[in-house]
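The values are calculated or read from the model by the stated rules, or taken from the named source; none is laboratory data. For clarity, every value in this text was computed on a predicted model and none was experimentally measured. Don't worry about glycine lacking a Cβ; one is built from the backbone with ideal geometry, like all the others, and counts go over all protein chains shown.
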């Protein structure tokens, strides 16, 4: 069996390793639930994009909503990445990780006035504007600060990325971006505003995309618009084509990063736009298969119709299965003898939707540690404290050493900011 995340995730005999560290040993040392990441896997994924973009004016902006741990940001900043953010909080994380705001693009449909002020003062590279109302507010904020805001208009090309509806962002009915037919009018308005500096065009059609065709369809629509905008005398310096490239969770076969980049560049060149700077915003494809979630089996509960393997990780730790009905691989950290039985792997949260995997063939016993695979993206970053459960610790494996990069929360930390009423 080839594990998602190979070659960094692999077995030696019966024991599962990430790089050169045994995952069962990490669980025994640091407790569970526990997120563990491979630094080498993240570096390799970023370098695949960078090699494909070599010789072209470009900036690879990691979409940090996928995983915003400071050590992850530090790792990718050292690889030369910029960052795609969607909140002022994410901007502060970038700065805390030691990366410059000048390599940040600010996306998102609901930027507040305070967030715009902070981003302008920090000196972000560009705002990806998603509505006319946002454009007018940004102009007002920039003029009040005596500056001009660098802007791209995020265009919604009405292209079906053929992904889960919750992570589709490029259709007319999605909340994101400016409808393609209205984008030219927004650019005209932007060019008139004294607090706005038009810099480029932006497009992002969704996440976990496993085909090239939707990217190329969206690119053609974006380039049509570029030509229409520049015909009106409005210069566009860069193309931001977003991210969304999928990973392998089970049997998906998404294109490799270099294949995607090669296809995009060929189409850009064929249409005469090769001199423009290219921005890409990958997230999941950088970190998704670089991480696992470790969880300990607490109880086995056989039933007449369903067998339940109850573990100590729950939907508050990993919400993707409950939210998206996402399939994620689940394997033992140490394989044991015995005939596998079919189990639903479930957590202790008081919801029937609290499951990590259904109908999994596993030979397990209480006390065994399981690894939920492909958990480096949209795992810990979406965790909550539902049922007053403390969030997991995070560990980064690097060159044979394991570093705690987030301490496990304590229960008292969860209500430290709350106050009892006076008697």
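In this entry, residue 272 passes the filter for residues that are farther than 30 Å from residue 371 by Cα, free of Cβ contacts under 8 Å to residues at least 12 places away in the same chain and not in a helix (DSSP H, G or I).
Restricted to strands (runs of 3 or more DSSP E) entirely inside region 322-423, those with at least 2 residues that are farther than 26 Å from residue 18 by Cβ and touching a strand residue (DSSP E or B) at 6+ places or on another chain (Cβ under 9 Å) are 341-346. When the criteria are applied in full, residue 373 fails the requirement of being modelled with pLDDT of 95 or more and surrounded by fewer than 11 Cβ atoms within 10 Å (Cβ to Cβ).
Kindly indicate whether any position in region 29-36 is closer than 30 Å to residue 279 by Cβ and either part of a strand (DSSP E or B) or modelled with pLDDT of 95 or more (or both). Looking for residues that are closer than 30 Å to residue 279 by Cβ and either part of a strand (DSSP E or B) or modelled with pLDDT of 95 or more (or both), one finds at least one in region 29-36, hence yes. For region 252-304, residues that are under 20 Å from the mean Cα position of the chain (by Cα), under 24 Å from residue 331 (Cα atoms) and surrounded by fewer than 24 Cβ atoms within 10 Å (Cβ to Cβ) total 3. Does at least one position in region 71-88 carry a residue that is touching a strand residue (DSSP E or B) at 6+ places or on another chain (Cβ under 8 Å), at pLDDT 95 or above, closer than 30 Å to residue 370 by Cα and surrounded by fewer than 22 Cβ atoms within 10 Å (Cβ to Cβ)? Within region 71-88 (the criterion being touching a strand residue (DSSP E or B) at 6+ places or on another chain (Cβ under 8 Å), at pLDDT 95 or above, closer than 30 Å to residue 370 by Cα and surrounded by fewer than 22 Cβ atoms within 10 Å (Cβ to Cβ)), the answer is yes, since at least one residue qualifies.
In this structure, does residue 318 turn out to be under 21 Å from residue 389 (Cβ atoms), part of a loop (DSSP other than H, G, I, E, B) and touching a strand residue (DSSP E or B) at 6+ places or on another chain (Cβ under 6 Å)? Yes; evaluated as a whole, the condition is true for this residue. From the list 382, 328, 315, the lone residue that is modelled with pLDDT of 95 or more, buried (at least 23 other Cβ atoms within 10 Å of the Cβ) and within 28 Å of the chain's Cα centre (by Cα) is 315. Put simply, of 223, 239 the only residue that is more than 20 Å from the chain's Cα centre (by Cα) and surrounded by 22 or more Cβ atoms within 10 Å (Cβ to Cβ) is 239.
Any residue that is touching a helix residue (DSSP H, G or I) at 6+ places or on another chain (Cβ under 6 Å) and under 24 Å from residue 11 (Cβ atoms) - is there at least one of those in region 354-361? Scanning region 354-361 turns up at least one residue that is touching a helix residue (DSSP H, G or I) at 6+ places or on another chain (Cβ under 6 Å) and under 24 Å from residue 11 (Cβ atoms).
When region 93-102 is limited to residues that are touching a helix residue (DSSP H, G or I) at 6+ places or on another chain (Cβ under 8 Å) and farther than 18 Å from residue 129 by Cα, the one that is surrounded by the most Cβ atoms within 10 Å (Cβ to Cβ) turns out to be 94. Any residue at all in region 56-70 that's more than 28 Å from residue 273 (Cα to Cα), in contact with a helix residue (DSSP H, G or I) (Cβ under 7 Å, 6 or more places away or on another chain) and without any contact (Cβ under 8 Å) to a residue 40 or more places away in the chain? No, region 56-70 has no match at all. Looking only at residues of region 275-314 that are in contact with a helix residue (DSSP H, G or I) (Cβ under 8 Å, 6 or more places away or on another chain) and assigned to a loop (DSSP other than H, G, I, E, B), we find that the one that is farthest from residue 56 (Cα to Cα) is 314. Being more than 23 Å from the chain's Cα centre (by Cα) and part of a strand (DSSP E or B) is the filter; apply it to region 1-19 and report the residue that is farthest from residue 372 (Cα to Cα). Of everything passing the filter in region 1-19, 12 is farthest from residue 372 (Cα to Cα).
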